[in-house]
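Following: one structure in structure tokens, then a few remarks.
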Amino acid sequence: MTAPPQRPTPIRPPPPTHVEVERAEHARNLLQNPALLEAFEKLDETIVRAWKNSLLNAQAGAAKGDFTSDRIEEVAAQERETLFWQHRALQQVHSALTNFVRAGRIEDAATGVSSVVGRGSSSAGGTGTVRT
């Protein structure tokens with residue numbers, strides 16, 4: 001009889017550095033900041049609304065004489081492309097902050113609880129664990 005195949009030991013990434021942990025704390029604080037979250041939401045809504053109205057805006061521009069009516073589709077497409085890249089940049093900022101939080105997490109092998117370890121808000125003013 002042959003022995004059952006052994007599962008390979010999972011490769012764990014090295015623990016985060018002090019800088020990564022500190023960056024994760026700052027990023028987590030930003031992602032929990034109501035003003036920043038509202039700004040992300042409002043920017044997203046504004047960009048999507050402008051994207052949906054790009055053809056109407058181009059038609060209005062042609063009606064005002066900003067350009068000739070044969071360029072309406074071209075102008076609308078240029079506006080949509082600009083809005084696409086703005087939306088993409090907004091998503092990338094959010095993603096970068098989320099990735100900073102992930103990079104600073106330390107998972108406790110025994111409990112499976114992920115934590116950002118660093119200068120927490122302990123009442124003693126020392127080092128604490130901030131759970132995310």
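Residues are listed down the side, and each one gets a yes or a no for (1) modelled with pLDDT of 95 or more; (2) under 30 Å from Pro14 (Cβ atoms); (3) among the charged types (D, E, K, R):
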| site | (1), (2), (3) |
| --- | --- |
| Phe67 | no, no, no |
| Trp85 | yes, no, no |
| Ser95 | yes, yes, no |
| Ala109 | no, yes, no |
| Gly112 | no, yes, no |
| Gly120 | no, yes, no |
| Thr127 | no, yes, no |
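Given the structure, is Val101 modelled with pLDDT under 95 and either surrounded by 13 or more Cβ atoms within 10 Å (Cβ to Cβ) or touching a strand residue (DSSP E or B) at 6+ places or on another chain (Cβ under 6 Å) (or both)?
Answer is yes for this residue.
I'd like the residue in the stretch 58-92 that is without any contact (Cβ under 8 Å) to a residue 24 or more places away in the chain and under 16 Å from the mean Cα position of the chain (by Cα) and, out of all such residues, is farthest from Glu38 (Cα to Cα).
Restricting to residues being without any contact (Cβ under 8 Å) to a residue 24 or more places away in the chain and under 16 Å from the mean Cα position of the chain (by Cα), the top hit is Trp85.
Restricting to the stretch 1-28, and then to whatever is among the basic types (Lys, Arg) and more than 12 Å from Val101 (Cα to Cα), can you tell me which residue is surrounded by the most Cβ atoms within 10 Å (Cβ to Cβ)?
Arg12
What pairs come up if the first residue lies in the stretch 27-39 and is within 18 Å of Gln92 (Cβ to Cβ), the second is among the polar types (S, T, N, Q) and assigned to a helix (DSSP H, G or I), and their beta carbons are under 9 Å apart, counting only those six or more places apart or on different chains?
Ala27/Thr98; Ala27/Asn99; Leu31/Thr98
The values are calculated or read from the model by the stated rules, or taken from the named source; none is laboratory data. Since the structure is predicted, the reported quantities are computational estimates derived from the model, not experimental observations. Cβ sites come from the backbone with ideal geometry, for glycine too, and all protein chains shown count toward neighbours.
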